[in-house]
Every structure is written in C-alpha cells, then in structure tokens.
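Presented below is the structure to which this report refers.
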Amino acid sequence: MDLSDTPQEAEFRARLREWLGKVLPSLPAKPSPDDWPGRRAYDLGWQRTLYDAGYGEVHWGADPAVRMIFLEETEKAGAPYVGANFVGLLHAGPTVAAEGTEEQKARWLPPVLRGEEVWCQGFSEPDAGSDLAALRTRARRDGDAYVVSGSKIWTSHAEVADWCELLVRTDPDAPRHRGITWLAMPMDAPGITVRPLRTLAGSNEFAEVFLDEVRVPVANRVGEENDGWRVTMVTLSFERGTAFVGEVVACRRVLGELALAARENGRWDDPVLRRRLGRLNAEFRALWRLTQWNVSEASEGVPGVGGSVFKLRYSHARQELYEAAAEVLGDGGAALDLEQPWVLDRLSSLSYTIAAGTSQIQHSIVAERVLGLPKGR
Amino acid sequence: MRFQLTEDQRALRTGVRELLAARFGRERLRAAVGADEAGEVPELDRRLWRELGSAGFFSLRLPETAGGVGLGLPEAVLVFEEAGRALLPGPLIATHLAAGEVPGAAEGGTVVTAVDGGGVVEWLEAADAVRGDAAGAVPIRSADPLTPLHRVTAPVSGDRTDVLLTSLLTAAEQLGTAARVCELAAQHARTREQFGRPIGAFQAVQHLCAGILVRVEVARAAVYAAAVTVDPADIAAARLLADEAAVRGARDCLQVHGGMGFTWESDVHLYLKRAWVRARRPGSVTECEEVLAAALLAEAR
Ligand SMILES: Cc1cc2nc3c(=O)[nH]c(=O)nc-3n(C[C@H](O)[C@H](O)[C@H](O)COP(=O)(O)OP(=O)(O)OC[C@H]3O[C@@H](n4cnc5c(N)ncnc54)[C@H](O)[C@@H]3O)c2cc1C
C-alpha cells in the first residue's frame with residue numbers, strides 16, 4: 001500500500017504543475033454556457049493546447065497512475081474540463097483504439113487528440129434507456145453503406161458533434177443482444193435532424209437526433225456486424241470506469257469553498273450543518289481513495305469492482321454536496337437564484353444518478369456481477 | 001502510487017485468516033456465546049490469547065530488536081480487519097497498543113484493557129492491567145454476549161496517539177465485520193428460496209446487498225489510506241465510514257435473513273452487537289465529523 005509518487009510520477013507532476021502555472025493565466029475567457037459554438041471552440045482549443053504540450057494522449061496512456069495525477073493537478077489548478085471532448089476522449093476514442101482496424105484508428109484517433117473533432121454518443125432511444133438492448137433504430141445494408149432510420153434521445157453535445165458512436169439494429173430477427181452493430185456516423189450526413197432538448201437546468205445540453213435513411217459507409221463499422229453489444233460493453237466500461245475521476249477533486253474544492261463561505265456568513269456556528277460538511281469531507285476523501293485503489297488494481301490487470309461501486313456512491317455524494325450548499329448559501333433567496341453558478345450545479349447534479357446507467361441499474365450490476373446473486377426480476 | 005496490497009501483505013492476510021479459522025472458527029464462536037446462554041459472563045480464552053501472542057498479533061509493530069515483528073500500521077490494519085471478520089473477542093486493541101510498555105502484553109501473557117471515551121470498559125475483570133482510571137466501575141449486562149462491559153464515570157485522559165490508533169484499528173475491525181456480513185447476506189440471498197426462486201433474484205434484496213458492498217468498498221479505501229497517511233482527518237473519515245459500513249451492513253444483513261436473522265442461533269446479531277460496542281469507542285461520530293469539518297477550513301485556506 002503506497003500512496004506516494006514514484007520518482008517518475010513526481011517528475012511528471014512537477015512538470016505538469018509548472019506548465020499549468022504558465023499556460024492557464026493566458027487562456028481566453030470561458031464562453032457562456034449557452035454559447036455552443038463558443039464552447040466547442042474553447043474545449044477543442046484546450047485539447048489542442050494539451051496536445052501541443054505532449055499531454056494530448058494522457059487519458060489513453062498506458063499508466064493509469066499518471067492519468068490520475070493529470071486529472072488531480074489540472075482540476076486543482078482550475079484548468080478547463082474535457083467538456084465537448086468527453087465522448088471522443090473518454091469512451092468513443094478508447095473504444096476505437098481497442099476494437100477498431102488500423103485504418104479506423106488512423107482516421108479517427110488523431111483528430112480527437114489534436115482537438116479537431118467532437119464525438120457524441122447515440123445509444124439511448126425513447127424506448128430504450130436502461131433497457132439499451134431494446135433499441136430499434138434500424139440499419140439495412142445497401143451496397144457499401146448501411147441505411148439507418150430511427151431516433152436517438154438525450155444525445156449530449158449532438159449539436160456540435162462531428163461524429164456519433166451509434167448503435168443500430170442490423171438483424172431484427174436475432175435475439176435482442178445479438179442483432180446490434182456499432183457504427184461511427186458522420187453528423188453532417190443527409191437525413192440527420194438534431195432537435196435540442198431543454199434540460200431542467202434550462203440549457204441545451206442534449207438533443208434528440210432523428211435519422212431518416214442516413215447512409216453510413218460499411219467501412220465505419222467498428223467490430224463485426226451484429227457484434228455491437230460486445231463493443232458496447234467495452235464503451236460502457238470506459239464510460240463508467242474513468243469518466244468521473246477528475247470531478248471528485250472538483251467536489252473536494254467546492255466543499256472547501258463551502259466551508260469558508262459558511263464561516264463567512266455565520267452558518268458554520270450551526271453544529272448540525274458543520275458536521276454535515278464534515279461528513280461530506282469523509283465521503284469525498286474516501287471516494288478519491290477508492291479511485292486510487294481502483295486505478296492501482298486495474299494497472300495490475302485485475303478489473304476491480306470499480307466503476308459501478310464508485311459511480312453509485314459518487315453520484316449520490318455529489319447531490320448531497322449541492323443540497324448542503326443550498327443550506328449554507330441559501331439565505332435571502334440565493335438558493336433559488338439562477339444567476340448563482342452553484343444553483344446550476346445543484347440542478348445538473350440531479351442527472352448523475354441517471355446518466356451513464358441509473359443507480360438502480362448499477363445496484364443490480366453490483367448484486368449480480370460482484371456478489372453473484374441470481375438474475376433479477 | 002501503488003495503492004494495493006503487496007505480495008507480503010496478501011500473504012499476511014491469508015495467514016491470519018487461516019490462523020483464526022483454525023483457532024476461532026464458528027464452533028468456537030458459538031461455544032463462546034454459550035456462557036451467555038448459561039447466564040454467565042464469558043471468560044477470556046487465555047490459551048488463545050497466548051497463541052495470538054506467539055503469532056505476533058500484539059507485537060506486530062514492535063521493532064525486531066525489541067522482539068517484535070517490525071511491521072507497520074498497514075499490516076496491523078490488515079490483521080485487525082481479520083479479527084473483525086472472525087469476531088475475535090477480547091481487548092485486542094488495548095493489548096496491542098500496550099505491547100512494549102506493559103510487560104507480557106507483546107507475548108500475549110498479559111491481558112490489557114483500557115478505559116476509553118464511551119463511558120465503558122471492555123473485559124475489565126479478565127484484564128491483568130488497565131490503562132486509565134477504572135475506579136468505581138460497575139458491571140452492566142452487556143448487549144454483546146462476547147464482550148463483558150463495565151460502566152465508568154472517570155473522565156478520559158487517553159493520550160492523543162493512542163486515541164487515534166484505537167480509532168484506526170477499530171475502523172479496521174469494523175471493516176472486517178462489514179465485509180463478513182456482506183458475504184453472509186449474499187450467501188443467504190443466493191440460497192434461500194421464496195416464491196419459487198432464490199430471494200436474491202428480487203431486486204429489493206439485490207439492492208440491499210449491493211448497498212452493503214458499496215459501503216464496504218468505500219470504507220476499505222478510506223481505512224487503508226488512513227493506515228498509510230496516519231492523518232487525523234483521514235482516520236476520522238475511515239472511522240466514520242467503517243462504523244457505518246459495519247452497523248448498517250449488519251442491520252441490512254439481518255433484514256436479508258428475515259425471521260432467521262432474528263434468532264439467537266443465527267450469527268448475524270453477534271456481528272451487529274459487536275459493531276455497536278466498537279462504534280462507541282473514542283472517535284465517535286460527532287468527534288469525527290468535527291475533526292473533518294475543521295480539516296475543511298484548514299485545507300481550504
Ligand atoms: C444529462 C444526461 C445526459 C445523457 N447523455 C446521453 C448521451 O450522450 N447518449 C446517450 O445515448 N444517452 C444519454 N443519456 C441517457 C441515459 O443513458 C439514460 O437516461 C439512462 O440510461 C436511463 O434511461 P431512461 O432515461 O430511459 O430511464 P428508464 O430506463 O425509463 O428508467 C426510469 C426509472 O426506472 C428505473 N428502472 C428502469 N429499468 C429498471 C430495472 N431493470 N430495474 C430497476 N429500475 C429500473 C430507472 O432506474 C429509473 O429510475 C443521458 C442522460 C442524461 C440525464
């Protein structure tokens with residue numbers, strides 16, 4: 001059990017810290033949350049900056065400990081979040097890297113790393129959310145293309161994406177899990193309509209995507225035809241296993257700021273509230289340690305109980321954090337003032353127990369795959 | 001960063017688990033409970049105590065030059081986790097902390113107990129030495145049939161390091177108990193049938209069990225990290241989360257066992273009662289939360 005940096009890790013951390021100290025002050029101002037083209041440009045710009053400095057590939061690096069350091073240091077320094085690059089960097093890219101042909105890797109990976117192309121995830125459908133294998137979007141083969149019709153929903157960043165990791169049904173007669181195929185769909189193909197959906201936070205974070213006879217080259221298929229469910233499991237393991245690491249550090253920072261604010265406004269004198277913040281401190285410290293544990297175990301090639309356990313607890317803790325924030329900062333109507341940035345954070349924290357698999361689904365996964373309980377009903 | 005068990009640590013854990021299974025398996029556990037059934041106060045098994053002593057249980061962290069094993073806190077945590085798993089009775093932590101100071105403690109020849117923050121002393125009559133002031137202690141009928149208790153009124157004057165280490169090792173014991181009740185719950189859910197299928201196929205039961213496991217894993221990460229850093233806030237976090245994992249885990253395990261869980265014959269209540277006893281040792285919920293709150297301000301500045 002060792003929590004200290006190896007000499008190489010310490011060297012990486014120091015170099016990164018120094019670089020962040022130099023580069024962050026000269027970064028342009030963040031665009032407003034509703035300015036999607038602006039956000040796309042900003043997020044791609046940051047990825048390009050990382051790439052040019054040799055950090056572009058850090059999420060895919062062979063050494064997960066180095067990635068942890070990267071996420072820890074960038075978050076502590078207040079560097080930009082992956083944002084629009086989330087899908088490309090954190091799960092579509094890694095899926096292509098693991099399952100794609102050499103040609104596909106050469107076509108899709110460099111633009112993600114260089115901050116040139118944005119990906120989105122077209123998995124969920126109106127009638128296939130938790131029950132993803134119920135998806136109905138059809139793809140029929142026509143020469144060297146699949147012709148795709150159907151619709152996707154809750155597609156994050158669809159408005160500004162260049163590519164979509166798309167799940168389609170290629171064999172309607174096969175058992176549900178067997179007739180699915182994983183495609184990379186160019187978002188500018190004819191027949192695609194993106195209709196932004198307003199989230200409860202008021203933003204256009206995600207969209208509906210309608211597909212009407214969209215032609216996707218067969219060459220864009222990752223994995224075999226009808227073998228998409230297996231590829232999907234690869235994608236989901238990246239999505240759950242890695243996506244929230246940096247955010248724990250962010251939550252710890254928010255919690256610290258909250259404590260200072262409470263001392264400022266006198267709420268700190270309320271022992272019930274103070275102890276509630278103390279307990280949240282335990283929670284986020286432990287979640288950070290759990291991440292380090294999972295990462296260390298994974299580097300040994302042993303997949304820990306990791307992703308689902310972590311996601312369950314983290315999504316809940318994040319919501320509790322913003323409930324506590326409302327208690328600390330909420331006097332005088334501040335808790336209801338949408339101009340307060342943390343009110344938006346409170347609203348968006350509500351999605352964490354839903355997106356990337358609901359808490360109920362994660363509980364079932366833990367029960368069945370970790371504890372070996374029989375298949376649920 | 002290599003935050004995982006080393007080969008030696010894994011071997012140590014396996015070794016201790018095997019030793020305890022051989023010396024304090026289920027039959028011994030139930031035999032120990034027997035005293036309560038006969039209306040007597042349980043005796044401390046001196047032979048077992050000496051065996052633990054010669055296995056290095058108490059001298060684990062003493063330097064080899066002082067006749068100890070020369071290991072560190074992470075190893076001690078692993079050993080106490082196993083003790084918690086096996087529900088090993090006795091003032092284990094007090095004796096462990098007294099090794100090197102109280103003659104005979106390291107070898108398991110002397111049984112040492114301590115007066116601590118919860119207003120009670122464990123195993124006072126069995127102890128050869130008491131740290132702290134137990135004057136005027138009054139025996140109470142202990143809810144835990146395996147831990148005799150005395151109520152004390154004297155204020156606690158424990159030294160700070162001892163309090164921290166007691167809290168950390170208590171967290172380790174709680175972790176072991178939590179992990180064990182998780183196994184017991186899952187085992188029962190896999191085998192007990194109702195409505196023509198194993199109850200573990202019902203989501204309500206699945207989610208209870210999954211909740212137990214999540215608390216175990218979160219507590220494990222916190223306890224192991226605290227053993228490495230020995231940071232007071234880390235120890236407080238470990239203790240809070242491990243207490244929760246053990247107490248809630250045992251309660252949920254009892255629920256999964258249904259009526260069977262409410263019977264004396266089932267072991268589940270033994271885990272719960274011991275978790276309660278440990279939860280009131282120094283470093284209670286309130287203290288831990290205050291330590292962690294203060295740490296927030298200190299770090300955010
Ligand atoms: C902010 C946000 C961003 C998202 N981004 C994307 C994206 O980019 N791409 C994409 O493809 N999808 C995306 N999603 C969709 C997300 O993956 C789904 O919302 C999620 O999987 C749940 O599906 P559902 O909404 O259909 O809910 P449902 O499946 O209808 O679930 C409704 C309720 O029933 C419960 N439930 C359902 N089935 C079971 C069961 N078997 N056992 C117990 N309880 C059950 C659920 O837990 C939930 O409480 C996003 C969602 C959100 C909120």
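The values are calculated or read from the model by the stated rules, or taken from the named source; none is laboratory data. Just so it is clear, the structure is predicted and the values come from calculations on it, not from any experiment. When we count neighbours, we look across all protein chains shown, and the Cβ atoms used for this are built from the backbone with ideal geometry, even at glycine.
Taken over the range A:74-92, the criterion of being more than 12 Å from the ligand (Cβ to nearest atom) and either of a type in the set (Lys, Arg) or farther than 24 Å from A:THR193 by Cα (or both) is satisfied by A:THR74, A:GLU75, A:LYS76, A:ALA77, A:GLY78, A:ALA79, A:PRO80, A:TYR81, A:VAL82, A:LEU89. When A:GLY191 is tested against (1) surrounded by fewer than 15 Cβ atoms within 10 Å (Cβ to Cβ); (2) in contact with a helix residue (DSSP H, G or I) (Cβ under 7 Å, 6 or more places away or on another chain); (3) at pLDDT 95 or above, exactly one condition is not met: (2).
No other residue among A:ARG369, A:ARG377 is surrounded by fewer than 17 Cβ atoms within 10 Å (Cβ to Cβ), over 18 Å from the mean Cα position of the chain (by Cα) and within 13 Å of the ligand (Cβ to nearest atom) apart from A:ARG377. When every residue of the range A:95-111 is checked against the conditions, at least one turns out to be more than 15 Å from the ligand (Cβ to nearest atom), of a type in the set (Val, Ile, Thr), outside any helix (DSSP H, G or I) and surrounded by fewer than 17 Cβ atoms within 10 Å (Cβ to Cβ). Pairing each residue of the range A:334-363 that is closer than 25 Å to A:ASP131 by Cβ and among the charged types (D, E, K, R) with any residue that is within 9 Å of the ligand (Cβ to nearest atom) and in a helix (DSSP H, G or I), provided the two are 6+ apart or on different chains, yields no C-beta distance under 7 Å. Could we say that A:ARG318 is in contact (Cβ under 8 Å) with a residue 60 or more places away in the chain and either within 7 Å of another protein chain (Cβ to nearest Cβ) or of a type in the set (Lys, Arg) (or both) here? For A:ARG318, the condition - in contact (Cβ under 8 Å) with a residue 60 or more places away in the chain and either within 7 Å of another protein chain (Cβ to nearest Cβ) or of a type in the set (Lys, Arg) (or both) - is met.
Within the bounds of the range A:326-341, is there any residue that is among the aliphatic types (A, V, I, L, M), surrounded by 17 or more Cβ atoms within 10 Å (Cβ to Cβ) and within 14 Å of chain B (Cβ to nearest Cβ)? Yes, that holds for at least one residue. The residue pairs whose first member lies in the range A:68-88 and is more than 12 Å from A:LEU20 (Cα to Cα), whose second member is assigned to a loop (DSSP other than H, G, I, E, B) and not hydrophobic (A, V, I, L, M, F, W, C), and whose beta carbons are closer than 6 Å, counting only pairs six or more residues apart or on different chains, are A:ALA84/A:HIS157.
Restricting attention to the range B:10-28, does a residue exist that is of a type in the set (Val, Ile, Thr) and under 14 Å from B:HIS96 (Cβ atoms)? The answer is yes; a qualifying residue exists.
Given the condition hydrophobic (A, V, I, L, M, F, W, C), buried (at least 20 other Cβ atoms within 10 Å of the Cβ) and more than 28 Å from B:VAL205 (Cα to Cα), answer yes or no: does some residue in the range A:295-315 qualify? Yes, the range A:295-315 contains at least one residue that is hydrophobic (A, V, I, L, M, F, W, C), buried (at least 20 other Cβ atoms within 10 Å of the Cβ) and more than 28 Å from B:VAL205 (Cα to Cα). Among the numbered criteria (1) at pLDDT below 95; (2) crowded, with 17+ Cβ neighbours inside 10 Å; (3) more than 14 Å from the chain's Cα centre (by Cα), which one does A:THR137 miss? Condition not satisfied by A:THR137: (1). Within the range A:272-282, being without any contact (Cβ under 8 Å) to a residue 40 or more places away in the chain and more than 8 Å from chain B (Cβ to nearest Cβ) holds for one residue alone: A:VAL272.
Of the candidates A:SER296, A:SER359, A:SER348, A:SER364, the single residue that is within 11 Å of the ligand (Cβ to nearest atom), of a type outside the set (A, V, I, L, M) and farther than 25 Å from A:THR232 by Cβ is A:SER348. Contact map, the range A:116-143: first residue in contact (Cβ under 8 Å) with a residue 24 or more places away in the chain and within 11 Å of the ligand (Cβ to nearest atom), second residue of a type in the set (D, E, K, R) and assigned to a strand (DSSP E or B), Cβ cut-off under 6 Å, separation 6 or more or different chains; pairs are A:GLN121/A:GLU165; A:GLY122/A:LYS152; A:GLU125/A:LYS152; A:LEU135/A:GLU125. Scanning the range A:145-188 for residues that are within 12 Å of the ligand (Cβ to nearest atom) and not in a strand (DSSP E or B) yields A:HIS157, A:ALA158, A:GLU159, A:ALA161.
When you look at B:GLU244, is it more than 7 Å from chain A (Cβ to nearest Cβ), surrounded by fewer than 21 Cβ atoms within 10 Å (Cβ to Cβ) and in contact (Cβ under 8 Å) with a residue 24 or more places away in the chain, yes or no? In short, yes.
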